[in-house]
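Report on the structure given below.
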Amino acid sequence: MHLDFNISSAQFHQEYLYQKPMVFKGAVKNIDIGWKEINELYQRANPMDPQFKFRKGPMIPKEAYVEAFEDVGRTRYRFNKAAVYQYLKEGATLVYNRINNESFADDLAKQVAQFAQAQTIVSGYLAFGSDSSYGNHWDTRDVLAVQLIGKKHWSLSAPNFDMPLYMQQAKDMPHIPRPEKADMEVVLEAGDVLYIPRGWWHNPMPMGCETFHLAIGTFPPNGYNYMEWLMKKVPEIASLRQSFRGWEADKGNIQDMAQQVAGLIANPEHYENFMQAFLGDQRVDSPFMMECFGNPHSSGLPDDALLRLNAVDISTLEKGYVIANGTKINMDVSSAHILEQLGRREVMSLSELLAEYNLDQQVKAKTLINQITMLDVLEVIGNKS
């Protein structure tokens, strides 16, 4: 499956990101999953994981649809399928948060990550009824809702609490009034994508028919993250280490503390180091290539291997480096050409990457590509047909 938003990432950032919702009709091209893949996704899930939930308004307790059994000396858990089917018939929504290592979900999430230039987390929502799962609420992250099966109705209202953080859930802030009218209503059909900025109220409603969508949340760095990172530097401020004795005695120290903390915040070097550290902490799941890199008799990647850059934020290419899965590569002439091509094209085969080099250069370039693939900077997503 391929996402085609029909606008550039730069245009999305300028006109929509953090500002207003947007529907991308038919953005998912070549949908190649159906109920077989969805059933397998839920079959592989750990039913006792707290990220796996059944909702029909309130949460349905796990003991209502999960059973324990003894399996050769250990306790295991499995879905009570009859109960699962009955709750779905009655209008419940099956929620699967933090989906990892599922190829179709990972693939879409990586495309969203490079479009939005932010780390992603994927959740799945499955229903057949017409009951709301969460009611009208806001999310503490931007979300791209990717409709893959069936359709769903969405009502959206502009925020009345700006840019909520992860600890500021709508359900925990009853003093913030729920909106009385919708500013936008849309029905998503299979292949559509809806962008919902952080803080926008939304109420997704099944429509009495089958529906499955992925909610791909994006997590760019923010000021709160920056302040958390700066806390590591705060102990260097002498006035901050002083014990308190009372306001009159302490106010001079506090004023000095405020000035020095403000200096830390406004330091562009600290800002750049934070941004690199934030990217360096992020990881992107990718498949093993044991037959290529674990086999001492292998010559490495085949020429038809399809490669993708494993970086969340490819905008750093303009600064001369890329950070992927904890590895920072400062680009020289050879690596810059390879990584910039992948940044522009998203997916390329090894033979396409080598096509512009002469035979001597191809040997060096192929060695470099194998090395950075082993470092998980590049990933192999298949073979060119």
Requested in this report: Would you be able to say whether some residue in the range 57-69 is within 27 Å of the chain's Cα centre (by Cα) and among the small types (Gly, Ala, Ser)?
Outcome: yes
**Report entry** Per-region count, the range 277-300, residues surrounded by 14 or more Cβ atoms within 10 Å (Cβ to Cβ) and either within 17 Å of ALA118 (Cα to Cα) or touching a strand residue (DSSP E or B) at 6+ places or on another chain (Cβ under 7 Å) (or both)
**Finding:** 9
Requested in this report: Kindly establish whether ASP303 is part of a loop (DSSP other than H, G, I, E, B), closer than 27 Å to PHE219 by Cβ, in contact with a helix residue (DSSP H, G or I) (Cβ under 8 Å, 6 or more places away or on another chain) and not β-branched (Val, Ile, Thr).
Outcome: no
Report summary line: Exactly one of ALA266, ALA277 is modelled with pLDDT of 95 or more and of a type in the set (A, V, I, L, M, F, W, C), and that residue is ALA266
Requested in this report: Identify all residues within the range 218-259 that are within 30 Å of ILE196 (Cα to Cα) and small (Gly, Ala, Ser); write none if there are none.
Outcome: GLY223
Requested in this report: Mind listing just one residue for me: the one in the range 14-36 that is modelled with pLDDT of 95 or more and in contact with a helix residue (DSSP H, G or I) (Cβ under 9 Å, 6 or more places away or on another chain) and, of those, farthest from VAL187 (Cα to Cα)?
Outcome: VAL28
Query raised in the report: Does ALA82 count as among the hydrophobic types (A, V, I, L, M, F, W, C) and under 19 Å from ARG283 (Cβ atoms)?
Result: no
**Report entry** Residue ranges of helices (runs of 4 or more DSSP H) in the range 1-100 with at least 1 members in contact (Cβ under 8 Å) with a residue 60 or more places away in the chain and loosely packed, with under 13 Cβ neighbours inside 10 Å
**Finding:** 35-44
Requested in this report: Please go through the range 186-199 and pick out each residue that is among the hydrophobic types (A, V, I, L, M, F, W, C) and surrounded by fewer than 21 Cβ atoms within 10 Å (Cβ to Cβ).
Outcome: VAL186, VAL187, ALA190
Query raised in the report: Can you find even one residue in the range 252-259 that is in contact (Cβ under 8 Å) with a residue 12 or more places away in the chain, more than 27 Å from ASN6 (Cβ to Cβ) and of a type in the set (Asp, Glu)?
Result: yes
Query raised in the report: Is there a residue in the range 215-234 that is without any contact (Cβ under 8 Å) to a residue 40 or more places away in the chain, of a type in the set (S, T, N, Q) and out of contact with any Pro (no Cβ under 7 Å at 6 or more places or on another chain)?
Result: no
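Here is a yes/no grid of residues against (1) of a type outside the set (Asp, Glu); (2) farther than 29 Å from ARG178 by Cβ; (3) under 27 Å from the mean Cα position of the chain (by Cα):
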site: PRO204; (1), (2), (3): yes, no, yes
site: PRO221; (1), (2), (3): yes, yes, yes
site: GLU228; (1), (2), (3): no, yes, yes
site: LYS232; (1), (2), (3): yes, yes, yes
site: ARG245; (1), (2), (3): yes, yes, no
site: ASP256; (1), (2), (3): no, yes, no
site: GLY263; (1), (2), (3): yes, yes, no
site: HIS270; (1), (2), (3): yes, yes, yes
Query raised in the report: Counting only residues that are more than 21 Å from ASP107 (Cα to Cα), charged (D, E, K, R) and modelled with pLDDT of 85 or more, which one in the range 290-338 is nearest to the chain's Cα centre (by Cα)?
Result: LYS328
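The values are calculated or read from the model by the stated rules, or taken from the named source; none is laboratory data. Note that the structure is predicted; figures quoted are calculated from it, not measured. For neighbour counting, all protein chains shown are included, and Cβ atoms are generated from backbone atoms with ideal geometry for every residue, glycine included.
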